[in-house]
Amino acid sequence: YLLDKSEKYDSRDVERLQQDDKWVENYLIWRHDVVDDTLKMIDESLQWRKEYTVNDLTESVLPKWLFENGSLFLHGYDKEGYKLFWFRVKHHTRDPKQQLEKKKLVAFWLEHYAKRDHGKPLTVVFDMAETGISHIDLDFVRFIVNCFTDYYPNFLTKIVIFEMPWIMNAAFKIVKGWLGPDAISMLKFTNKSDVQEYISGEYLPPHMGGTDSFKYSYPPLVDDDFQTPLCENGPITSEDEHESKEEIDADAKESGELNEEQNLNQKKMNSIEQISKSEETDKTEIKPKNAKKALTTFKGPLLHISPAEELYFGSKETGEKKCLIVLTNVTKNVVAFKVRTTAPEKYRVKPSNSSCEPGTSLDIIVSLHGGFAASLQDRFLIMAAEMDQSSGAGVPELTQFWKEVPRTKVMEHRLRCHVIESSKPSSLTLKENAFNIPAKTNEDLHIQLTRLLQINRRLQEQIDRCLWFQQLSVVLSLLSVTVVAFCFYLAYTQRS
């Protein structure tokens, strides 16, 4: 394909195909591991990406009225935690002159989300309330369907169709003909009484029977709506004032040991950590293309973040309410960071707004507040930016820093929540002893390795202290023996 059609592909897509194993895997999964079908899909997909200049589609190159129209946008999550891609059909009008620009808007949103959330699948919602024959545009609907079936592999979870007018039944019989058997099984026809089987009320507008007060407007570009500040001691309400002091003290005690360890690490870098980091750097520099992409750690330009994609919480039955995020500063400067979430009323994060010294690791404890339970729809956003060495690291300095730092210099990384339903809680939680549970995932192995390194650091520090006291004892013993011997010598010389 490359020899025959190299000019029909964007070189950036070819390079990504050679480096991104996950992308290739998605094509294979979508084509049931049939290599010939997979190659054909990749060929068509890459040609389409170049034709629509997908890699260069930005907010500035598309007409502003496309965004203001509000017919297409990303907002909210379904009950399985997948992002919702809304098509408000009543805002769409069929116009052949504008069709290409509208199709590019679809490509913009899909590419925008794919790059931001590493290709996590979407749920498409066709909101057909208040629509009629004038809104039917089979060509546009077919384009949206083709994007998922032909161009974005393994990117579709389901298509939720809300209140389809009877007059459109014939039209959707045609749409079904475009879909393969796998995609047809993803169609979910709903109305106000059953749409909440797939999407909870908190992400449904009132006309669909939900409580979501979200109103689309542009600008700004619709995003996840991460909120700040995220309080370290939970939301400040009258209810919190009556929270038991024992729970707060327990939290402080549990995190105190980790914070003390962090301070020691900042004063004295552990040699094992330094060696492992240098080895990782060497391997990355030698053969970045052939190295297998790590699933346990997100390797950013400023911070390495572990876990890479998901925070594991237990269900109400398991009772596990805490997990750990490990940040590692891979720069030569102090890196400021802060944590945001889509559900600040649920979580405590310690620390939520702080800084990390060059070359050190820092632990962040995320815990559920009160009687709240984690949800698949909850998201966390970690923001990081380099600080000047002269800048302070206090709360006032950090507040001023975040007001002034340019957006282009801020690294962002998102984490999803994963709820464990089994009776055996995940080894990612802080309360469980990871060494007594068989490791089942790369995430489990990584957290065990992290804890082993922490224990190793503690042991090394204890050994260093013991050696120091031993040496001091030997020196004092020698001095004592010398003094006693000298006294005996003086006494002997005086007698003689």
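What follows draws every value from the coordinates through simple rules; no lab data is involved. Everything numeric in this text was worked out from a predicted model, so none of it was measured. Here the Cβ is made from the backbone with ideal geometry for all residues, glycine too, and neighbour counts use every protein chain on show.
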Exercise for the section: Any of K188/K321; K115/K338; K97/K188; K64/K215 with alpha carbons more than 27 Å apart? Name them for me. Expected result: K188/K321; K97/K188
Practice task
Within 10 Å, count the other beta carbons around each residue, average over each peptide in 363-375, 130-142, 78-90, 475-487, and list them highest first.
Solution key: 78-90, 363-375, 130-142, 475-487
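Once you've got the Cα coordinates, tell me which of K50/K103; K50/K158; K22/K158 are over 23 Å apart.
On the way: K50/K103 14 Å; K50/K158 27 Å; K22/K158 21 Å.
Among K50/K103; K50/K158; K22/K158, the Cα-Cα distance tops 23 Å for K50/K158.
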Practice task
Starting from the Cα coordinates of segment 57-208, work out the convex hull volume and express it per residue in Å³.
Solution key: 115 Å³
Exercise for the section: Once every Cα of segment 11-52 carries one equal point scatterer and solvent is ignored, give the base-10 log of I(q)/I(0) from the Debye formula at q = 0.21, 0.33 Å⁻¹, two decimals. Expected result: -0.65, -1.17
